[in-house]
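Take a look at the structure below.
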Amino acid sequence: MIGLTRAFLLTLLAPLIVGAAEPKLVPDVSQREIEIRYSFTGAELLLFGAILYPGGRVPTERVDIAVVVKGPLQPILVREKQKVAGIWMNVESERFRSAPAFYAVASSRPIDQLVDERMAAIYELGLQNLQLSPGAGASPEERRRFEAGLIDLQQRRQLYQEDPDGVEITGGVLYRARINIPARVPVGEYTAETFLIRDGRVVTAAVRDISIEKLGFERFVATAADRWSLAYGLFAVAVSLFLGWTASALFRRG
């Protein structure tokens, strides 16, 4: 009876024992809050941390790190231009219901050398594995074309980034990576995810939250445009007309 009870307890505790044998991540970021002011030209976000191994023993086999900074999710409309009668026109379009406004991934090696396609898709590791949630109705070929177009557009805006050698691991314990935050980054809530990868699988992961917000006059303008859109639009038109009239008057005097 005692033997059966012990076997039963070991069966229940086996997952916990295996989990305890896995290493843990202790991640952090250089800035939990990024403030956008009139002089904001971008920022560099440092992601760093340590890998804690059971018993403090660093394994002989190699481990890798991938970090992903992502957010906020929003609908995005992509239009495709074609030349019609010598004029570039918007011909087709595709709406993505939920796509990250910003996505950056850095890894200690190229993603395809760390995990297979299935694992990369599960954790959205790499630009080609983003879950962009396209609208219904488009054929698979059209969907792939617009997804490629969206990724290319966001890359040229520096809003989508991928660095296959962007994570440095020291002594198999300490790691760090740098992510560039461009000046046109949208405000909102972001996540910084760190993945520990070994033998082609994600062993453990950890998340830190990051907030990007506007302050000062920029925050007032953004709030006014969101809450009082009609009044904001009329005021913007009035200011444009006033500036145009002032420039015309100064030109005539000159």
Yes/no for A99 being assigned to a strand (DSSP E or B) and either in contact (Cβ under 8 Å) with a residue 60 or more places away in the chain or open to solvent by less than 60 Å² (accessible area, probe 1.4 Å) (or both) | yes
The lone exception for D152 - which of (1) outside any helix (DSSP H, G or I); (2) surrounded by fewer than 18 Cβ atoms within 10 Å (Cβ to Cβ) it fails | (1)
For the stretch 180-187, does any single residue satisfy the condition of being within 28 Å of I212 (Cα to Cα), touching a residue at least 24 places away in the same chain (Cβ under 8 Å) and assigned to a strand (DSSP E or B)?
-> yes
Sole miss for E218 among (1) among the charged types (D, E, K, R); (2) at pLDDT 90 or above; (3) open to solvent by less than 50 Å² (accessible area, probe 1.4 Å) is condition (2)
Would you confirm whether any residue within the stretch 184-204 is at pLDDT below 90, among the small types (G, A, S) and on the phi > 0 side of the Ramachandran plot?
-> no
In the stretch 26-57, residue farthest from K214 (Cα to Cα) [restricted to those that are modelled with pLDDT of 85 or more and touching a Gly at 6+ places or on another chain (Cβ under 6 Å)] = V26
Hand me the list of strands (runs of 3 or more DSSP E) wholly inside the stretch 30-84 holding 3 or more residues that are among the β-branched types (V, I, T), touching a residue at least 12 places away in the same chain (Cβ under 8 Å) and surrounded by 13 or more Cβ atoms within 10 Å (Cβ to Cβ).
-> 64-84
How many residues, within the stretch 159-178, are more than 17 Å from G56 (Cα to Cα), open to solvent by 20 Å² or more (accessible area, probe 1.4 Å) and out of contact with any Asp or Glu (no Cβ under 6 Å at 6 or more places or on another chain)?
-> 6
Output the residues belonging to the stretch 106-123 that are free of Cβ contacts under 8 Å to residues at least 60 places away in the same chain and buried (at least 18 other Cβ atoms within 10 Å of the Cβ).
-> I111, A120
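The values are calculated or read from the model by the stated rules, or taken from the named source; none is laboratory data. Remember, it's a predicted structure, so these values are computed and weren't measured experimentally. Cβ coordinates were reconstructed from backbone atoms using ideal geometry, including for glycine residues, and neighbour counts include every protein chain displayed. Quick note on the areas: whole protein, heavy atoms, side chains included, nothing else; ligands and nucleic acids left out. Shrake-Rupley method; radii C 1.70, N 1.55, O 1.52, S 1.80 Å.
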